[in-house]
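Let me begin by presenting the structure, written as structure tokens, before commenting on it.
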Amino acid sequence: MKFCINYTNVIEQKTLIYHIEECSFDTEPAVQEINFDIALNKLNLTATDDDNKIAQVGGFCGYNEWIKSNYQVPERKSGVLKVLDDLVSGEGSYAISKEDFPVYVNIQTGWVCIGNPEKGGDAVEFITNCVAVIDSNKNFVSLWLKPKKLPDI
């Protein structure tokens, strides 16, 4: 699956929540019209328009599997994250990978990283406190999330 980044001065203004009792992330306000979902582990990145722009993050991400780390969220610019693949709307969910990515948490900074925190690429904050890193081949590297509150780990 290929992605592209369009840097802008605009960012989706949403609140990222981690629901401790459900072990899940959610963005508020929620998107009502969904084009398709991209599955990352058990999370969904929701595309909402004909441009395949990712406008929502949500789904299960059990914190008992998180690996404590000191990784830092990469330098990033505001912009739009889009899926380049020609995916069919209404066909459900498409997986980024057949295997789950590791999940790291820096409890000092509050950032959670799904993917490879050591591999570089272009970083975009496409929703408030949601950062994606895409490599030069347009492949997914990592997703960084900073919810309002982390569970006690």
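Using the average count of surrounding beta-carbon atoms within 10 Å as a protection proxy, the listed peptides 61-74, 109-122 rank, highest first, as 109-122, 61-74. Say a paramagnetic label sat at a point 7 Å from the Cα of residue 6, along Cα to Cβ; which residues of segment 19-59 have their backbone N under 18 Å from it? The answer is 35-36, 46-56, whose backbone nitrogens lie closer than 18 Å to the label point.
Estimated at 0.36 nm per residue, the fully extended path between residue 97 and residue 63 surpasses their Cα-Cα distance by 10.2 nm. Extension gain for residue 72-residue 51 works out to 4.5 nm (0.36 nm per residue, less the C-alpha to C-alpha distance).
For segment 7-153, with every protein chain kept in place, what is the accessible area per residue (1.4 Å probe, Å²)? Please report the intermediate quantities before stating the final value.
Values: 7770 Å² over 147 residues.
Heavy-atom SASA per residue in segment 7-153 reads 53 Å².
Sorted by mean Cβ packing within 10 Å, highest first, what order do the peptides 145-153, 133-141 take? Display every interim value, and only then the final one.
Numbers: 145-153: 14.7, 133-141: 16.7.
The densest-packed peptide leads the list: 133-141, 145-153.
One equal scatterer on each Cα of the chain, no solvent, Debye formula: the resulting log10 I(q)/I(0) at q = 0.10, 0.13 Å⁻¹ is -0.30, -0.53. Length gained on full extension, residue 139 to residue 86, computed as 0.36 nm times the residue gap minus the Cα-Cα distance: 17.6 nm. Annotation: segment 69-143 has a Kirkwood hydrodynamic radius of 13.5 angstrom, from the mean reciprocal C-alpha pair distance.
Take the cross-link list 77/98; 68/138; 14/138; 2/148; 2/119; 14/98 and give me the ones stretching past 20 Å between alpha-carbons. Beyond 20 Å between Cα atoms: 77/98; 68/138; 14/138; 2/148; 14/98.
The values are calculated or read from the model by the stated rules, or taken from the named source; none is laboratory data. These numbers were taken from a predicted model, which means no experiment stands behind them. FYI the Cβ positions are ideal-geometry reconstructions off the backbone, even for glycines, and counts take in every protein chain you see. Heads up: the accessible areas ignore ligands, DNA and RNA and are worked out on the full protein's heavy atoms, side chains in. Shrake-Rupley method; radii C 1.70, N 1.55, O 1.52, S 1.80 Å.
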